[in-house]
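Undergrad: Following this message is one structure expressed as structure tokens.
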Amino acid sequence: MLLLDAIRVTSTIFLRGEIEAMLPLAGLQPRVDWLRLRSSTFWSGLMGATLAGCGWPVLVEGLKLDPLGLGAVLVGGVGLVCASVALATVRKTEFAQLVTDAGVPALLIARARRGVGDFDEFVEQVHQQIRVCKGLN
């Protein structure tokens, strides 16, 4: 929630906890940095699919197991699940990053999905409010 002199941040960290903080706008630089990052889930899924993709031929060709036997099917199934996870999370997430006057990143605002909500307008409102708090407007 954007206030006149601060921004109130509430967030949850999946299965780990919740964050509630007040960040004074006067301590932030009047600029917005943009980040586009892939989820660590994408990289985990890609790594799992790669390992399973390398492991299945080793089981079938190297160890002469039946391609439709239990071991090969389990490794292939894990590979397909991992590939599905990687495909589901392939899109990069866009973040607006606000930095303190000391140059330390203080707040990341994530775009949920394109076309949902007023992300760009909210980030611009925060930017303008920081300028107002610093007396730059």
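Undergrad: At 7 Å along Cα-to-Cβ for each site, give me the label-to-label distance between Val73 and Val58 in nm.
TA: So the label points at Val73 and Val58 sit 2.3 nm apart.
Undergrad: Kirkwood Rh over alpha-carbon pairs of the chain, then Stokes-Einstein at 4 °C and 1.567 mPa s: what D in µm² s⁻¹, rounded to an integer?
TA: Answer from the Stokes-Einstein relation: 71 µm²/s.
Undergrad: For region 37-103, run through the trypsin sites (Lys or Arg not before Pro) and keep only the ones in DSSP coil with at most 10 other Cβ atoms within 10 Å of their Cβ. Display every interim value, and only then the final one.
TA: Working: sites: Arg38, Lys64, Arg91, Lys92; in loops: Arg38, Lys64, Arg91, Lys92.
Within region 37-103, the qualifying trypsin sites (Lys or Arg not before Pro) (loop, at most 10 other Cβ atoms within 10 Å) are Lys64.
Undergrad: Tell me, how many Å apart are the Cα centres for region 1-47 and for region 108-137?
TA: 13 Å
Undergrad: What residue among Val123, Val73, Val85 has the largest mean-square fluctuation in a Gaussian network model of the chain, using Cα springs under 10 Å?
TA: Fluctuation is largest for Val73.
Undergrad: Normalised by the residues of the chain, what does the relative contact order come to in percent, with Cα pairs under 8 Å and at least six apart? All intermediate terms of the calculation are to be shown ahead of the outcome.
TA: Details: 182 pairs, mean separation 40.3, N = 137.
Once normalised by length, the contact order is 29 percent.
Undergrad: How many nm is it between the label spots at Gln29 and Asp101, if each spot is 7 Å from the Cα in line with the beta carbon?
TA: Spacing of the two 7 Å Cα→Cβ label points: 1.4 nm.
Undergrad: Carbon-plus-sulfur fraction of the accessible area of the chain, 1.4 Å probe, in percent? Please report the intermediate quantities before stating the final value.
TA: Details: 5880 of 9330 Å².
That fraction is 63 percent.
Undergrad: Report, to the nearest 10°, how far helix 119-133 tilts away from the longest principal axis of the Cα atoms in the chain, using its own Cα long axis and a range of 0 to 90°.
TA: 40 degrees
Undergrad: For the chain, find the longest principal axis of its Cα atoms and tell me its angle to the long axis of helix 40-57, 0 to 90°, nearest 10.
TA: Between helix and principal axis, roughly 10 degrees.
Undergrad: Next question. Hey, what's the Kirkwood Rh for region 40-89 if you take every pair of different alpha carbons, in angstrom? Walk me through the intermediate numbers first.
TA: Numbers: mean 1/r = 0.0931 Å⁻¹.
Across region 40-89, the inverse of the average 1/r is 10.7 Å.
Undergrad: Counting only heavy atoms of the protein chains, get the accessible area per residue of region 51-111 (1.4 Å probe) and round it to a whole Å² value. It would help to have the intermediate numbers written out before the result.
TA: Working: 3810 Å² over 61 residues.
Heavy-atom accessible area per residue stands at 62 Å².
Undergrad: Ordered by residue, what ³J(HN,Hα) values in Hz, to whole numbers, does region 82-96 give under the Karplus form 6.51 cos²θ - 1.76 cosθ + 1.60, where θ = phi - 60° and Gly and Pro are x?
TA: Here the 3J(HN,Hα) series is 5, 5, 5, 4, 4, 5, 5, 10, 5, 5, 6, 9, 9, 10, 9 Hz.
Undergrad: What value, in deg cm²/dmol to 500, does the helix sum -39500 (n - 2.57) over DSSP H runs of n ≥ 4 give at 222 nm once divided by the residues of the chain? Mind dumping the intermediate values first?
TA: Numbers: 3 runs with 52 residues, N = 137.
My calculation for the chain gives -13000 deg cm²/dmol from helical runs alone.
The values are calculated or read from the model by the stated rules, or taken from the named source; none is laboratory data. A quick note: this is a predicted structure, and the numbers were derived from the prediction, not measured. FYI the Cβ positions are ideal-geometry reconstructions off the backbone, even for glycines, and counts take in every protein chain you see. Accessible surface areas use protein heavy atoms only, side chains included; no ligands, DNA or RNA. Shrake-Rupley method; radii C 1.70, N 1.55, O 1.52, S 1.80 Å.
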